[in-house]
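The values are calculated or read from the model by the stated rules, or taken from the named source; none is laboratory data. Just so it is clear, the structure is predicted and the values come from calculations on it, not from any experiment. Don't worry about glycine lacking a Cβ; one is built from the backbone with ideal geometry, like all the others, and counts go over all protein chains shown. The area values use the complete protein model at the heavy-atom level, side chains included, leaving out ligands, DNA and RNA. Shrake-Rupley method; radii C 1.70, N 1.55, O 1.52, S 1.80 Å.
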Amino acid sequence: MALSGVDNIARLPELKKKLFWTFLLLAVYRIGIHIPVPGVDSAALADFFESVQNTLFGLFDMFSGGGLRNLSIFALGIMPYISASIIIQLLTVVSPELKRLSKEEGAQGRKKITQYTRYGTVLITLVQGFGIAVGLESMSSPTGAPVVLHAGWAFRGITILTLTAGTIFLMWLGEQMTDRGIGNGISMIIFAGIVAGLPSAIFNTVRLMQAGEITLFLLLLVGAVMVAILAFIVYMERGQRRIPIHYAKRMMGRKMFGGQTTHLPLRINTAGVIPPIFASSILMFPATLATFSNVEWIQRVSAYFTPDSIIYNIVFVALIIFFCYFYTAIMFDPKGISENIQKQGGFIPGIRPGAKTREYIDKVLTRITLWGSFYVAAICVIPILLIKQFNVPFYFGGTALLIVVGVAMDFMGKIESYLISRQYEGLMGKGSKLKGRQ
(Lines give C-alpha, C1' and ligand atoms only; values in the text may rest on other atoms or scores of the structure.)
Protein backbone atom coordinates (compact mmCIF):
# COMPACT_ATOMS: atom_id res chain seq x y z
CA MET A 1 0.00 0.00 0.00
CA ALA A 2 1.01 3.62 -0.47
CA LEU A 3 1.10 4.21 3.29
CA SER A 4 3.73 1.53 3.72
CA GLY A 5 5.88 3.37 1.16
CA VAL A 6 5.53 6.57 3.18
CA ASP A 7 6.48 4.65 6.33
CA ASN A 8 9.64 3.49 4.55
CA ILE A 9 10.66 7.14 4.07
CA ALA A 10 10.49 7.62 7.84
CA ARG A 11 12.93 4.74 8.31
CA LEU A 12 15.63 6.44 6.24
CA PRO A 13 17.16 9.44 8.07
CA GLU A 14 19.22 10.37 5.01
CA LEU A 15 16.13 10.53 2.78
CA LYS A 16 14.24 12.56 5.41
CA LYS A 17 17.18 14.97 5.53
CA LYS A 18 17.12 15.39 1.74
CA LEU A 19 13.36 16.03 1.78
CA PHE A 20 13.80 18.53 4.62
CA TRP A 21 16.45 20.47 2.69
CA THR A 22 14.28 20.46 -0.46
CA PHE A 23 11.24 21.94 1.28
CA LEU A 24 13.33 24.35 3.39
CA LEU A 25 15.06 25.84 0.34
CA LEU A 26 11.73 26.06 -1.51
CA ALA A 27 10.33 27.95 1.47
CA VAL A 28 13.26 30.40 1.26
CA TYR A 29 12.44 30.94 -2.41
CA ARG A 30 8.76 31.59 -1.71
CA ILE A 31 9.62 34.07 1.07
CA GLY A 32 11.90 35.98 -1.31
CA ILE A 33 9.04 36.31 -3.83
CA HIS A 34 7.34 38.73 -1.43
CA ILE A 35 10.37 41.02 -0.91
CA PRO A 36 9.90 43.93 -3.38
CA VAL A 37 12.49 46.00 -5.19
CA PRO A 38 12.66 49.55 -3.68
CA GLY A 39 11.03 52.49 -5.45
CA VAL A 40 8.00 50.79 -7.03
CA ASP A 41 4.28 51.42 -6.46
CA SER A 42 3.01 47.87 -5.87
CA ALA A 43 -0.67 48.74 -6.42
CA ALA A 44 -0.01 50.46 -9.77
CA LEU A 45 2.19 47.54 -10.88
CA ALA A 46 -0.51 45.01 -9.98
CA ASP A 47 -3.08 46.98 -12.00
CA PHE A 48 -0.69 47.09 -14.95
CA PHE A 49 -0.19 43.30 -14.91
CA GLU A 50 -3.93 42.73 -14.90
CA SER A 51 -3.99 44.38 -18.33
CA VAL A 52 -1.07 42.41 -19.86
CA GLN A 53 -1.94 38.81 -19.01
CA ASN A 54 -1.65 37.55 -22.61
CA THR A 55 1.78 39.05 -23.28
CA LEU A 56 5.35 38.04 -22.50
CA PHE A 57 4.92 39.66 -19.09
CA GLY A 58 2.26 37.11 -18.18
CA LEU A 59 4.45 34.23 -19.39
CA PHE A 60 7.52 35.43 -17.47
CA ASP A 61 5.40 36.10 -14.39
CA MET A 62 4.21 32.48 -14.43
CA PHE A 63 7.77 31.12 -14.57
CA SER A 64 8.89 33.51 -11.82
CA GLY A 65 6.12 32.31 -9.52
CA GLY A 66 4.46 35.73 -9.36
CA GLY A 67 7.76 37.50 -8.65
CA LEU A 68 7.53 39.75 -11.70
CA ARG A 69 4.03 40.90 -10.79
CA ASN A 70 5.34 41.97 -7.36
CA LEU A 71 8.69 43.09 -8.83
CA SER A 72 10.37 41.12 -6.05
CA ILE A 73 14.08 40.42 -5.73
CA PHE A 74 13.34 37.16 -7.62
CA ALA A 75 11.37 38.92 -10.37
CA LEU A 76 13.47 37.41 -13.17
CA GLY A 77 13.19 33.97 -11.60
CA ILE A 78 15.46 31.24 -12.88
CA MET A 79 14.71 31.96 -16.57
CA PRO A 80 18.05 33.76 -17.24
CA TYR A 81 19.87 30.59 -16.13
CA ILE A 82 17.69 28.43 -18.39
CA SER A 83 18.23 30.84 -21.29
CA ALA A 84 22.00 30.72 -20.72
CA SER A 85 21.90 26.91 -20.59
CA ILE A 86 20.02 26.73 -23.88
CA ILE A 87 22.44 29.18 -25.53
CA ILE A 88 25.44 27.13 -24.34
CA GLN A 89 23.80 23.96 -25.69
CA LEU A 90 23.28 25.62 -29.06
CA LEU A 91 26.87 26.89 -29.10
CA THR A 92 28.16 23.41 -28.24
CA VAL A 93 26.84 22.21 -31.61
CA VAL A 94 28.76 24.84 -33.60
CA SER A 95 31.78 25.49 -31.37
CA PRO A 96 34.60 22.89 -31.55
CA GLU A 97 36.02 24.12 -28.23
CA LEU A 98 32.75 23.65 -26.31
CA LYS A 99 32.17 20.31 -28.04
CA ARG A 100 35.62 19.14 -26.95
CA LEU A 101 34.95 20.26 -23.37
CA SER A 102 31.64 18.39 -23.21
CA LYS A 103 32.91 15.14 -24.74
CA GLU A 104 36.64 14.82 -24.15
CA GLU A 105 37.34 16.65 -20.90
CA GLY A 106 34.85 14.65 -18.83
CA ALA A 107 33.87 16.04 -15.42
CA GLN A 108 36.39 18.88 -15.66
CA GLY A 109 34.99 19.97 -19.02
CA ARG A 110 31.41 19.90 -17.73
CA LYS A 111 32.55 22.01 -14.77
CA LYS A 112 33.93 24.64 -17.17
CA ILE A 113 30.71 24.62 -19.21
CA THR A 114 28.74 25.12 -15.99
CA GLN A 115 30.98 28.09 -15.19
CA TYR A 116 30.35 29.57 -18.64
CA THR A 117 26.62 29.10 -18.07
CA ARG A 118 26.87 31.08 -14.82
CA TYR A 119 28.72 33.90 -16.55
CA GLY A 120 26.06 33.91 -19.27
CA THR A 121 23.33 34.03 -16.61
CA VAL A 122 24.87 37.13 -15.03
CA LEU A 123 25.21 38.84 -18.43
CA ILE A 124 21.60 38.07 -19.40
CA THR A 125 20.36 39.21 -15.98
CA LEU A 126 22.20 42.55 -16.26
CA VAL A 127 20.68 43.20 -19.68
CA GLN A 128 17.18 42.14 -18.62
CA GLY A 129 17.46 44.09 -15.36
CA PHE A 130 18.34 47.27 -17.26
CA GLY A 131 15.47 46.69 -19.70
CA ILE A 132 12.99 46.16 -16.87
CA ALA A 133 14.22 49.26 -15.01
CA VAL A 134 13.87 51.47 -18.10
CA GLY A 135 10.54 49.89 -19.03
CA LEU A 136 9.08 50.37 -15.57
CA GLU A 137 9.78 54.10 -15.74
CA SER A 138 7.47 54.39 -18.76
CA MET A 139 4.73 52.17 -17.34
CA SER A 140 1.57 53.28 -15.65
CA SER A 141 -1.58 51.59 -14.40
CA PRO A 142 -4.83 51.77 -16.42
CA THR A 143 -5.83 54.65 -14.10
CA GLY A 144 -2.68 56.60 -15.05
CA ALA A 145 -0.69 56.08 -11.82
CA PRO A 146 3.08 55.77 -12.51
CA VAL A 147 4.67 52.45 -11.51
CA VAL A 148 8.02 54.02 -10.50
CA LEU A 149 7.88 56.56 -7.70
CA HIS A 150 11.20 58.32 -8.46
CA ALA A 151 12.61 57.60 -11.92
CA GLY A 152 16.28 58.07 -12.71
CA TRP A 153 19.65 56.35 -12.70
CA ALA A 154 19.50 55.75 -8.94
CA PHE A 155 16.37 53.61 -9.43
CA ARG A 156 17.90 51.86 -12.46
CA GLY A 157 21.11 51.02 -10.62
CA ILE A 158 19.32 49.65 -7.55
CA THR A 159 16.94 47.61 -9.73
CA ILE A 160 19.74 46.10 -11.84
CA LEU A 161 21.82 45.16 -8.79
CA THR A 162 18.83 43.77 -6.88
CA LEU A 163 17.51 41.65 -9.75
CA THR A 164 21.00 40.36 -10.62
CA ALA A 165 21.72 39.44 -6.99
CA GLY A 166 18.31 37.76 -6.72
CA THR A 167 18.85 35.61 -9.81
CA ILE A 168 22.37 34.62 -8.69
CA PHE A 169 20.99 33.68 -5.27
CA LEU A 170 18.23 31.61 -6.94
CA MET A 171 20.84 29.88 -9.09
CA TRP A 172 22.83 29.05 -5.95
CA LEU A 173 19.62 27.91 -4.24
CA GLY A 174 18.89 25.52 -7.10
CA GLU A 175 22.40 24.06 -6.95
CA GLN A 176 22.11 23.58 -3.18
CA MET A 177 18.76 21.87 -3.69
CA THR A 178 20.34 19.52 -6.22
CA ASP A 179 23.28 18.68 -3.92
CA ARG A 180 21.47 18.50 -0.58
CA GLY A 181 17.91 17.72 -1.61
CA ILE A 182 16.17 15.42 -4.08
CA GLY A 183 15.98 16.04 -7.79
CA ASN A 184 16.91 18.90 -10.07
CA GLY A 185 16.80 22.10 -8.01
CA ILE A 186 16.17 24.37 -11.01
CA SER A 187 13.14 22.31 -12.05
CA MET A 188 11.83 22.28 -8.48
CA ILE A 189 12.00 26.09 -8.32
CA ILE A 190 9.97 26.43 -11.53
CA PHE A 191 7.54 23.77 -10.27
CA ALA A 192 7.04 25.60 -6.96
CA GLY A 193 6.50 28.92 -8.74
CA ILE A 194 3.76 27.50 -10.98
CA VAL A 195 1.99 25.49 -8.27
CA ALA A 196 2.03 28.46 -5.86
CA GLY A 197 -0.81 30.08 -7.82
CA LEU A 198 -3.06 27.01 -7.60
CA PRO A 199 -4.79 27.90 -4.26
CA SER A 200 -5.85 31.34 -5.52
CA ALA A 201 -7.09 29.76 -8.78
CA ILE A 202 -9.24 27.29 -6.80
CA PHE A 203 -10.58 30.14 -4.64
CA ASN A 204 -11.50 32.19 -7.73
CA THR A 205 -13.23 29.17 -9.28
CA VAL A 206 -15.33 28.62 -6.15
CA ARG A 207 -16.18 32.34 -6.06
CA LEU A 208 -17.33 32.26 -9.70
CA MET A 209 -19.48 29.20 -9.00
CA GLN A 210 -21.09 30.89 -5.98
CA ALA A 211 -21.79 33.95 -8.13
CA GLY A 212 -23.55 31.75 -10.70
CA GLU A 213 -21.06 32.40 -13.51
CA ILE A 214 -20.03 28.73 -13.59
CA THR A 215 -22.44 25.83 -13.14
CA LEU A 216 -21.61 22.79 -11.05
CA PHE A 217 -21.99 20.54 -14.12
CA LEU A 218 -19.46 22.61 -16.08
CA LEU A 219 -17.06 22.54 -13.14
CA LEU A 220 -17.31 18.74 -12.90
CA LEU A 221 -16.86 18.45 -16.67
CA VAL A 222 -13.73 20.62 -16.59
CA GLY A 223 -12.42 18.54 -13.66
CA ALA A 224 -12.95 15.32 -15.62
CA VAL A 225 -11.17 16.80 -18.64
CA MET A 226 -8.28 17.88 -16.39
CA VAL A 227 -7.90 14.37 -14.95
CA ALA A 228 -7.96 12.90 -18.49
CA ILE A 229 -5.33 15.40 -19.68
CA LEU A 230 -3.07 14.66 -16.70
CA ALA A 231 -3.38 10.90 -17.26
CA PHE A 232 -2.59 11.39 -20.96
CA ILE A 233 0.50 13.47 -20.14
CA VAL A 234 1.78 10.83 -17.70
CA TYR A 235 1.20 8.10 -20.30
CA MET A 236 2.98 10.00 -23.08
CA GLU A 237 5.88 11.17 -20.90
CA ARG A 238 6.56 7.56 -19.93
CA GLY A 239 6.23 6.42 -23.53
CA GLN A 240 9.39 5.42 -25.38
CA ARG A 241 10.51 3.37 -28.35
CA ARG A 242 13.05 0.74 -27.30
CA ILE A 243 15.50 -0.28 -30.00
CA PRO A 244 17.06 -3.68 -29.16
CA ILE A 245 20.88 -3.85 -29.10
CA HIS A 246 22.82 -7.10 -29.04
CA TYR A 247 26.45 -7.38 -27.91
CA ALA A 248 28.63 -10.10 -29.36
CA LYS A 249 30.59 -12.43 -27.08
CA ARG A 250 34.33 -11.89 -26.85
CA MET A 251 37.19 -13.45 -24.92
CA MET A 252 39.37 -11.32 -22.65
CA GLY A 253 42.00 -13.50 -21.05
CA ARG A 254 40.19 -16.54 -19.70
CA LYS A 255 36.85 -14.83 -19.27
CA MET A 256 33.99 -14.47 -21.71
CA PHE A 257 32.41 -11.02 -21.93
CA GLY A 258 29.37 -9.72 -23.79
CA GLY A 259 26.55 -11.72 -25.22
CA GLN A 260 23.81 -9.77 -23.44
CA THR A 261 20.90 -7.89 -24.98
CA THR A 262 19.91 -4.40 -23.97
CA HIS A 263 17.93 -1.58 -25.58
CA LEU A 264 18.25 2.06 -26.60
CA PRO A 265 15.26 4.03 -25.22
CA LEU A 266 13.99 6.87 -27.41
CA ARG A 267 11.45 9.10 -25.65
CA ILE A 268 8.38 10.22 -27.56
CA ASN A 269 8.84 13.75 -26.22
CA THR A 270 12.61 14.14 -26.44
CA ALA A 271 12.49 17.95 -26.55
CA GLY A 272 10.52 18.31 -23.30
CA VAL A 273 8.94 21.71 -22.61
CA ILE A 274 11.38 23.82 -24.64
CA PRO A 275 9.26 23.91 -27.87
CA PRO A 276 6.11 25.43 -26.28
CA ILE A 277 8.23 27.93 -24.32
CA PHE A 278 9.96 29.11 -27.50
CA ALA A 279 6.70 29.13 -29.48
CA SER A 280 4.83 31.07 -26.77
CA SER A 281 7.62 33.63 -26.50
CA ILE A 282 7.58 34.32 -30.26
CA LEU A 283 3.78 34.58 -30.51
CA MET A 284 3.46 36.82 -27.45
CA PHE A 285 6.01 39.29 -28.80
CA PRO A 286 3.48 41.24 -31.00
CA ALA A 287 1.11 41.68 -28.01
CA THR A 288 4.01 42.82 -25.83
CA LEU A 289 5.15 45.30 -28.49
CA ALA A 290 1.61 46.66 -28.82
CA THR A 291 1.53 47.36 -25.07
CA PHE A 292 4.26 50.00 -25.49
CA SER A 293 3.33 51.31 -28.93
CA ASN A 294 0.40 53.23 -30.36
CA VAL A 295 1.36 52.57 -34.00
CA GLU A 296 -1.73 51.46 -35.89
CA TRP A 297 -0.24 48.59 -37.89
CA ILE A 298 1.38 47.10 -34.77
CA GLN A 299 -1.97 47.19 -32.99
CA ARG A 300 -3.62 45.55 -36.00
CA VAL A 301 -1.04 42.75 -36.19
CA SER A 302 -1.24 42.07 -32.44
CA ALA A 303 -5.04 41.71 -32.76
CA TYR A 304 -4.49 38.66 -34.99
CA PHE A 305 -2.25 37.02 -32.40
CA THR A 306 -4.53 36.86 -29.40
CA PRO A 307 -4.55 33.37 -27.80
CA ASP A 308 -8.20 32.73 -28.76
CA SER A 309 -7.73 33.47 -32.49
CA ILE A 310 -7.49 30.77 -35.18
CA ILE A 311 -4.31 32.26 -36.68
CA TYR A 312 -2.59 32.20 -33.27
CA ASN A 313 -3.38 28.52 -32.70
CA ILE A 314 -2.40 27.43 -36.21
CA VAL A 315 0.95 29.24 -35.99
CA PHE A 316 1.38 28.00 -32.41
CA VAL A 317 1.01 24.36 -33.48
CA ALA A 318 3.36 24.86 -36.45
CA LEU A 319 6.04 26.47 -34.24
CA ILE A 320 5.78 23.68 -31.65
CA ILE A 321 6.29 21.01 -34.33
CA PHE A 322 9.26 22.94 -35.76
CA PHE A 323 10.95 23.43 -32.38
CA CYS A 324 10.35 19.78 -31.41
CA TYR A 325 12.40 18.68 -34.41
CA PHE A 326 14.92 21.50 -34.01
CA TYR A 327 15.66 20.91 -30.33
CA THR A 328 15.65 17.11 -30.71
CA ALA A 329 18.26 17.45 -33.48
CA ILE A 330 20.43 19.49 -31.11
CA MET A 331 20.02 17.26 -28.05
CA PHE A 332 20.20 13.85 -29.74
CA ASP A 333 23.18 12.74 -31.84
CA PRO A 334 22.42 9.51 -33.82
CA LYS A 335 25.94 9.50 -35.30
CA GLY A 336 27.65 9.57 -31.91
CA ILE A 337 25.33 6.90 -30.51
CA SER A 338 25.89 4.57 -33.48
CA GLU A 339 29.67 5.01 -33.11
CA ASN A 340 29.53 4.18 -29.39
CA ILE A 341 27.42 1.07 -30.07
CA GLN A 342 29.93 -0.08 -32.68
CA LYS A 343 32.93 0.58 -30.41
CA GLN A 344 31.37 -1.53 -27.67
CA GLY A 345 30.78 -4.43 -30.04
CA GLY A 346 27.02 -3.94 -30.23
CA PHE A 347 24.61 -3.99 -33.14
CA ILE A 348 20.91 -3.63 -33.89
CA PRO A 349 19.49 -6.92 -35.21
CA GLY A 350 19.07 -6.75 -38.97
CA ILE A 351 20.95 -3.43 -39.27
CA ARG A 352 24.58 -3.08 -40.29
CA PRO A 353 26.86 -1.23 -37.84
CA GLY A 354 28.05 2.26 -38.72
CA ALA A 355 26.21 4.45 -41.21
CA LYS A 356 23.20 2.11 -41.54
CA THR A 357 22.71 2.12 -37.77
CA ARG A 358 22.85 5.90 -37.71
CA GLU A 359 20.28 6.12 -40.51
CA TYR A 360 17.98 3.65 -38.76
CA ILE A 361 18.13 5.49 -35.41
CA ASP A 362 17.56 8.82 -37.17
CA LYS A 363 14.57 7.40 -39.07
CA VAL A 364 12.95 6.01 -35.90
CA LEU A 365 13.60 9.25 -34.01
CA THR A 366 12.06 11.32 -36.82
CA ARG A 367 8.88 9.23 -36.73
CA ILE A 368 8.34 9.30 -32.97
CA THR A 369 9.22 13.03 -32.81
CA LEU A 370 6.31 13.70 -35.18
CA TRP A 371 3.86 12.04 -32.81
CA GLY A 372 5.57 13.68 -29.84
CA SER A 373 5.15 17.12 -31.42
CA PHE A 374 1.44 16.41 -32.07
CA TYR A 375 1.05 15.42 -28.41
CA VAL A 376 2.78 18.58 -27.11
CA ALA A 377 0.74 20.77 -29.46
CA ALA A 378 -2.53 19.15 -28.35
CA ILE A 379 -1.72 19.64 -24.65
CA CYS A 380 -0.91 23.32 -25.26
CA VAL A 381 -3.98 24.08 -27.40
CA ILE A 382 -6.68 22.24 -25.38
CA PRO A 383 -6.57 24.69 -22.40
CA ILE A 384 -6.91 27.63 -24.83
CA LEU A 385 -9.96 26.03 -26.44
CA LEU A 386 -11.53 25.35 -23.04
CA ILE A 387 -11.10 28.99 -22.04
CA LYS A 388 -12.59 30.22 -25.34
CA GLN A 389 -15.53 27.82 -25.61
CA PHE A 390 -16.60 27.51 -21.96
CA ASN A 391 -15.10 30.65 -20.41
CA VAL A 392 -13.59 28.58 -17.61
CA PRO A 393 -10.83 29.95 -15.31
CA PHE A 394 -8.27 27.43 -16.53
CA TYR A 395 -5.21 28.24 -14.45
CA PHE A 396 -2.66 25.82 -15.90
CA GLY A 397 -1.67 26.42 -19.51
CA GLY A 398 -0.27 23.60 -21.60
CA THR A 399 3.36 24.55 -20.94
CA ALA A 400 2.73 24.75 -17.19
CA LEU A 401 0.98 21.37 -17.23
CA LEU A 402 3.93 19.70 -18.96
CA ILE A 403 6.37 21.22 -16.46
CA VAL A 404 4.30 20.36 -13.37
CA VAL A 405 3.64 16.76 -14.39
CA GLY A 406 7.19 16.18 -15.64
CA VAL A 407 8.86 17.53 -12.49
CA ALA A 408 6.41 15.67 -10.22
CA MET A 409 7.10 12.38 -12.04
CA ASP A 410 10.86 12.97 -11.83
CA PHE A 411 10.62 13.80 -8.11
CA MET A 412 8.58 10.69 -7.29
CA GLY A 413 10.87 8.56 -9.45
CA LYS A 414 13.95 9.72 -7.53
CA ILE A 415 12.32 8.90 -4.18
CA GLU A 416 11.26 5.50 -5.55
CA SER A 417 14.79 4.76 -6.78
CA TYR A 418 16.26 5.87 -3.45
CA LEU A 419 13.95 3.53 -1.54
CA ILE A 420 14.75 0.63 -3.86
CA SER A 421 18.50 1.21 -3.54
CA ARG A 422 18.07 0.84 0.22
CA GLN A 423 16.05 -2.39 -0.26
CA TYR A 424 12.71 -0.94 0.77
CA GLU A 425 9.56 -1.37 -1.25
CA GLY A 426 8.59 1.65 -3.30
CA LEU A 427 5.97 4.27 -2.56
CA MET A 428 3.33 2.21 -4.33
CA GLY A 429 3.95 -0.80 -2.08
CA LYS A 430 4.11 -4.43 -3.17
CA GLY A 431 2.18 -3.81 -6.34
CA SER A 432 4.72 -1.37 -7.65
CA LYS A 433 6.72 -2.32 -10.72
CA LEU A 434 9.76 -0.82 -9.01
CA LYS A 435 9.92 -3.16 -6.06
CA GLY A 436 12.78 -3.49 -3.65
CA ARG A 437 15.20 -6.38 -3.78
CA GLN A 438 14.55 -9.24 -1.44
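For the reader, a short list of remarks on this structure follows.
- In this view, the solvent-accessible surface of residue 73, computed with a 1.4 Å probe and all protein chains in place, comes to about 40 Å².
- Relative intensity, log₁₀ I(q)/I(0), of region 105-151 from a Debye sum that treats every alpha carbon as a point, q = 0.25, 0.33 Å⁻¹: -0.85, -1.05
- Per residue solvent-accessible surface (Å²) - region 340-389, probe of 1.4 Å: 56 Å²
- Extending 7 Å from Cα along the Cβ direction at residue 297 and again at residue 241 yields two label points whose distance is 4.4 nm.
- Each label was represented as a point 7 Å from its Cα along the Cα-to-Cβ direction; for residue 326 and residue 112 these points are 2.9 nm apart.
- Entry comment: accessible area of region 76-121 is 56 Å² per residue, from protein heavy atoms only and a probe of 1.4 Å.
- The slack between residue 23 and residue 371, meaning 0.36 nm per residue of separation minus the straight C-alpha distance, is 121.7 nm.
- Flagged links, alpha-carbon separation over 32 Å, of 112/356; 356/414; 17/111; 18/99; 18/112; 17/112: 112/356; 356/414; 18/99
- Computed E for residue 158/residue 180 - FRET, C-beta separation, R0 30 angstrom, nearest 0.05: 0.40
- Residue 213/residue 343 FRET efficiency (R0 45 Å; Cβ-Cβ; nearest 0.05): 0.10
- Label-point separation, residue 309 to residue 34 (7 Å along Cα→Cβ), nm: 4.0 nm
- R0 of 41 Å, Cβ-Cβ distance residue 200-residue 95: FRET efficiency to nearest 0.05: 0.40
- Loop-resident sites, region 91-136, for GluC sites (Glu not before Pro), counting at most 10 other Cβ within 10 Å (DSSP): 104
- Scalar couplings 3J(HN,Hα) for region 163-174, obtained by applying the Karplus form with A = 6.51, B = -1.76, C = 1.60 to θ = phi - 60°, are 5, 5, 4, x, 5, 4, 5, 5, 4, 5, 4, x Hz; x denotes Gly and Pro.
- Stretchable slack from residue 359 to residue 16, in nm (0.36 nm times residue separation minus alpha-carbon distance): 118.8 nm
- Using distinct alpha-carbon pairs, which all enter the 1/r mean, Kirkwood radius of region 173-219 in Å: 12.8 Å
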